[in-house]
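Student: Here you go, one structure.
The values are calculated or read from the model by the stated rules, or taken from the named source; none is laboratory data. Since this is a predicted model, take the numbers as computed values, not measurements. Because the Cβ atoms are built from the backbone with ideal geometry, glycine has one as well, and the counts that use them run over all protein chains shown.
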């Protein structure tokens, strides 16, 4: 309560807590009175206590999420995607082109990354583009090319879905539905992929706090779908020498708070291919459960995000560096 | 080009520009070679020049948007909403509850703000909530209550639409479709409200640059709907004493770059009712074309965002302060 | 305490609080145990409770500053600078060149702003420059030119001091010592200007929270100098269309928390002269106690920060707009 | 130039460039005219072109720093500190208490870290504290304790210097002078440590861009002191689950731009001991030339930053994890 709160104002807050079935403990200090409230987190979160006269601030102590938390599920989750596992020691290595552009580019890139031993294939068919004049993806034709690449390589496919109405068609062709950074708080979409049941790769938004990101995952779990993989892909800060600031601190933080696996996207996170290898190794060392990396057989001709894609030879070099690193960290690639 | 770029690399970039129908001008300095490129902005933006060997950086000089720009339409736009105008001197004053909760609350708050002379009514029926356990709005029942409030007061209604499939039902009841901060880059939704044709209130995302925000507006204009009102509602920064950092600098910047009207939301921007009046006055003085303010007849019982809603008496006091301020600034409330 | 804290761990924290002379109140909830602590804020702040096993988080409830707070001095402070007052309704209007460059430029600009009715003159003699190769100011020669400008116009002079050893020489010539944004947490310098006793203009750092800024002011007051004027000058965010993000939200926040006057610097805050007028008006409307604006008789030849300086005619136009605005807001310029 | 720039305005800019001894190349596009300027970077940087009428924006192409750049010194620098090397494959491992508190604590912690094989000892004698009421360090008594710890262990000592006048006394006792994050743009201090000649550990400020940080290093090199070690210690972002956001992206970026060694401080960067090990490993994998880690023999009694200090057993465990990781990365600890 504020320093000038009256006894009546204190009493009103206590009465409101009482009415809501929560216990209230009043402690009077020299400079301020503090009211401790004990109750179910949903009940407490729903009370508009900051609107009460005399209330200075409300400090929530309980975490607002439940199903994604370590407290509910102390053991790390393992997500199984057509026999490829991720989480709790299983490392998920996802690679492929930013965007599906042509049959040749898709199949060639898929074969390159499969030969290097990745566990899943990525590729964008529906593309969220900042400008309405930019290439928006091959859409359903792109889904078919990805399905063909899966057939050719045996790799499960991760691809983005951007709107509720497309969840069914994307789920028909893809093995993991990606929710992009710009849709992390598109709650209608989250509810829809929860119903669909397929594994979800949930990217962190560029200005989403870790708590908000976990709450977005909670939407999917609360909707009945436990198969969520989190993906750190860079946050927006003042620094402009990288496109975003890949926040590897999020890895140990998420590991402490949640049982869900978390992977790192150094391609979008840095926006420059020259920084991808350093940050991929750093992500692995920080404890990530996987990596997602953009590879293009000819980045100079890519229709989107060419600057951040690795060429096949650079990707092969990175894999050669990651394997012994993984081994010493007790993981296997 | 980088300091170590070879003549072949320079030639490759020039050839690629040439192939795309753009002109290339090579200037050799002491420490670096610079290639100037002249051509259509869509052509240039689509070239993956950063992926070329030897390229150090690509600096776009032309703005990536067109239809929203001052260069295309030098005169400020005026949006007409059932006879209430906004833009080019017409001030749009939007007020109402954060969330439509009950018939009594909605009608009472609508009557309060109508009596104070606002030009439009706001209220949330579909609510984007960070937590899946929070109240998600009355949905279609809420739309009906808003329609009744419009009938009772004559005020046009602004309400949020969160997914493409709901655009029709929201457009049936509302006069302005609000795109919330979390959906500013939900491109499927932007395309859908463009088709619908109703005026759109496009909130800036909490980490959307002004350029990205204008590109989101460009989606709506490029889709055939010129009736976009921009809304600054606070960006995410390191400062925690306000919920967001209301970025009033965006007002003169948008006024310089675009012909679209822009309004200010000091309620969400600050997150605290105590700061709303100061920032509302500041927004008006900065040159905004309107304000959008949350009012609740009983904030201590509000189901969402109570801390930032003004009570009727505080709102009346603010209106009394704004009117002479508007007059001296050459506007009329 | 964390959900898995043991009774022994809880007891250890209570024992440590007890030992420090603070009272401890233990509340056991369903999911967590909370220990409330009551005691002197300095004692509590000094306890390393987060290092204790089983402690999940420490949430300070009392503000860490005292002398700058409204709770200690409910009435707004007024700072008197050679008869010109600032604070509690007295509006301080500070203008002048970014940098003192030549006698002619300094005297001409001083006369221009004096003629427009400003209350104080600004100008940089010691300049903090990001690059070692940039012009570093005229230093002591610059101080003498400012003193001459004061003699010519009667205006008190504000100028920056950058290191403890220069406080005496700057104080000899200047009426207000400015602490620049980069030195807001240069604690040695803060202690030294506290001893000096002259009024201090304390700029907010580009990434200083309002609480940290007030604590820097507390250094000056705790050192025996009550004459501190705060200055908001823009914070660093992701937005690049302005040089910084002028945070006008800080005005009502500081007004609520502190009795110190606060002024706004729209020149540095935006970095572009085109946005200065809008943000100056907005700062006045937000409740600032003053403005500090850069004026240059020939910005195209300025040795620093030319892009953000107003020419004399633009400054005259701004003054003409500010005067009626101030009047309707109950201030006088 | 802006779209509406007149031929006279274009000519004025060209004339000014000419007058300054720079070459100007004018290219006329469909929507805008671009003036390319070629000349010495200091000359160009000093021209106030943004203040010229008709100028829309100035885009610098050359980097503003020289001595710290890879272009000047393509080979990585090695800094030699009393026989301990850092840079170009030599890994510098710095550990010790945040603050020197007592003789017993200092010597005991120094012996612990020496036994684990670190190469240097850290410890704060002069402490920059946000609050004037917090413990400000043992000052010169602290320097003597550090000197004794060096004698006992043979480890070179790193400690912070906060003001120009203390450079001599700190340099007398310490082997590396640390410039703290809050002083990264304290240019008077940078000039003074440049003169002193001792190796400098230059922390990145919490909101300093990488370019500004390199320019601060340039102050030291331009002052005649080539022995600068950069230190990434976390930047300020919107995320609050860590105290700062340790920006490991800075490692590959600095490696690309500069020849100076760069070390990582995961203790300050995260602010929580639980995240230190993950981020130390990640920093090593990202390519850092060293680590600086806080260790305290009894964090629960630390006088500052207890929450981020490792206990001796946790530190030993981290060393055991780092050694094989370093080996596989081709480094030796």
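Student: Just to be sure I understand, how many residues within segment B:258-271 are touching a strand residue (DSSP E or B) at 6+ places or on another chain (Cβ under 6 Å) and within 7 Å of chain C (Cβ to nearest Cβ)?
Tutor: 0
Student: Say we look at segment A:219-257 and pick out the residues that are more than 30 Å from residue C:241 (Cβ to Cβ) and at the interface with chain D (Cβ under 7 Å from one of its Cβ atoms); which of these is surrounded by the fewest Cβ atoms within 10 Å (Cβ to Cβ)?
Tutor: A:256
Student: Quick one: in segment A:285-321, of everything that is within 11 Å of chain B (Cβ to nearest Cβ) and in a helix (DSSP H, G or I), which residue is nearest to the chain's Cα centre (by Cα)?
Tutor: Ranking the candidates gives A:308 first.
Student: Please verify whether residue A:19 is within 13 Å of chain B (Cβ to nearest Cβ), closer than 30 Å to residue B:312 by Cα and out of contact with any helix residue (DSSP H, G or I) (no Cβ under 8 Å at 6 or more places or on another chain), treating the condition exactly as stated.
Tutor: So residue A:19 passes the test.
Student: Do we find that residue C:35 is buried (at least 17 other Cβ atoms within 10 Å of the Cβ), over 18 Å from the mean Cα position of the chain (by Cα), away from chain D (no Cβ under 14 Å) and not in a helix (DSSP H, G or I) in this structure?
Tutor: yes
Student: Take residue B:262 and tell me if it is under 13 Å from the mean Cα position of the chain (by Cα) and under 25 Å from residue B:213 (Cα atoms).
Tutor: Here the answer is yes, as residue B:262 does meet what is asked.
Student: Return yes when residue B:274 is assigned to a helix (DSSP H, G or I) and either buried (at least 18 other Cβ atoms within 10 Å of the Cβ) or within 14 Å of chain A (Cβ to nearest Cβ) (or both) and no when it is not.
Tutor: yes
Student: Report the residue count in segment D:239-254 for those that are part of a helix (DSSP H, G or I) and farther than 21 Å from residue A:265 by Cβ.
Tutor: Count: 1.
Student: Exactly one of these conditions fails for residue B:147: (1) more than 14 Å from chain A (Cβ to nearest Cβ); (2) part of a loop (DSSP other than H, G, I, E, B). Give me its number.
Tutor: (2)
Student: Do you know which residues across segment D:84-106 are surrounded by fewer than 22 Cβ atoms within 10 Å (Cβ to Cβ), over 24 Å from residue D:283 (Cβ atoms) and free of Cβ contacts under 8 Å to residues at least 60 places away in the same chain?
Tutor: Answer for segment D:84-106, where residues must be surrounded by fewer than 22 Cβ atoms within 10 Å (Cβ to Cβ), over 24 Å from residue D:283 (Cβ atoms) and free of Cβ contacts under 8 Å to residues at least 60 places away in the same chain: D:102, D:103, D:104.
Student: Shifting gears a bit: Scanning segment C:280-298 for residues that are more than 15 Å from residue C:93 (Cβ to Cβ) and touching a strand residue (DSSP E or B) at 6+ places or on another chain (Cβ under 8 Å), which turns out modelled with the highest pLDDT?
Tutor: C:286
Student: Which numbered condition in (1) away from chain D (no Cβ under 11 Å); (2) without any contact (Cβ under 8 Å) to a residue 40 or more places away in the chain is the only one that residue C:47 fails?
Tutor: Unmet condition: (1).
Student: Which of the residues spanning segment C:168-183 are touching a helix residue (DSSP H, G or I) at 6+ places or on another chain (Cβ under 6 Å) and surrounded by fewer than 24 Cβ atoms within 10 Å (Cβ to Cβ)?
Tutor: Matches in segment C:168-183: C:171, C:173.
Student: Looking at (1) in contact (Cβ under 8 Å) with a residue 24 or more places away in the chain; (2) surrounded by 15 or more Cβ atoms within 10 Å (Cβ to Cβ), which one does residue D:25 not meet, given that it meets all the others?
Tutor: (1)
Student: State which residue is farthest from the other protein chains (Cβ to nearest Cβ) when the search covers only segment A:150-178 and only residues that are assigned to a loop (DSSP other than H, G, I, E, B) and under 22 Å from residue B:188 (Cα atoms).
Tutor: Among those residues, the one meeting the criterion is A:174.
Student: Tally time: how many residues in segment D:40-53 are crowded, with 18+ Cβ neighbours inside 10 Å and part of a loop (DSSP other than H, G, I, E, B)?
Tutor: Residues in segment D:40-53 being crowded, with 18+ Cβ neighbours inside 10 Å and part of a loop (DSSP other than H, G, I, E, B): 3 in total.
Student: Shifting gears a bit: Is it the case, given these coordinates, that residue C:78 is in contact with a strand residue (DSSP E or B) (Cβ under 7 Å, 6 or more places away or on another chain) and within 21 Å of residue D:131 (Cβ to Cβ)?
Tutor: The answer is no for residue C:78.
Student: Taking segment B:68-87, which residues are within 14 Å of chain A (Cβ to nearest Cβ) and under 12 Å from residue B:227 (Cα atoms)?
Tutor: Within segment B:68-87, just B:68 meets the criteria.
Student: Given (1) more than 26 Å from residue C:303 (Cβ to Cβ); (2) within 12 Å of the chain's Cα centre (by Cα), where does residue C:202 come up short, assuming only one miss?
Tutor: (1)
Student: Given the conditions (1) part of a loop (DSSP other than H, G, I, E, B); (2) within 11 Å of chain B (Cβ to nearest Cβ), and given that residue A:1 satisfies all but one, which numbered condition is not satisfied?
Tutor: (2)
Student: Is it the case that some residue within segment A:313-333 is surrounded by fewer than 24 Cβ atoms within 10 Å (Cβ to Cβ) and under 25 Å from residue B:44 (Cβ atoms)?
Tutor: no
Student: How many residues does segment D:184-218 hold that are assigned to a loop (DSSP other than H, G, I, E, B) and within 9 Å of another protein chain (Cβ to nearest Cβ)?
Tutor: Restricting attention to segment D:184-218, the residues satisfying the condition of being assigned to a loop (DSSP other than H, G, I, E, B) are D:184-186, D:197-199, D:204-209.
Checking which are within 9 Å of another protein chain (Cβ to nearest Cβ) leaves us with D:184-186, D:205-209.
So the count comes out to 8.
Student: Looking only at segment A:249-269, decide whether some residue is modelled with pLDDT under 95 and either closer than 25 Å to residue A:70 by Cβ or touching a helix residue (DSSP H, G or I) at 6+ places or on another chain (Cβ under 7 Å) (or both).
Tutor: no
Student: Within the group B:137, B:142, which residue is more than 16 Å from the chain's Cα centre (by Cα), more than 9 Å from chain A (Cβ to nearest Cβ), touching a residue at least 12 places away in the same chain (Cβ under 8 Å) and buried (at least 24 other Cβ atoms within 10 Å of the Cβ)?
Tutor: Of B:137, B:142, the one residue that is more than 16 Å from the chain's Cα centre (by Cα), more than 9 Å from chain A (Cβ to nearest Cβ), touching a residue at least 12 places away in the same chain (Cβ under 8 Å) and buried (at least 24 other Cβ atoms within 10 Å of the Cβ) is B:137.
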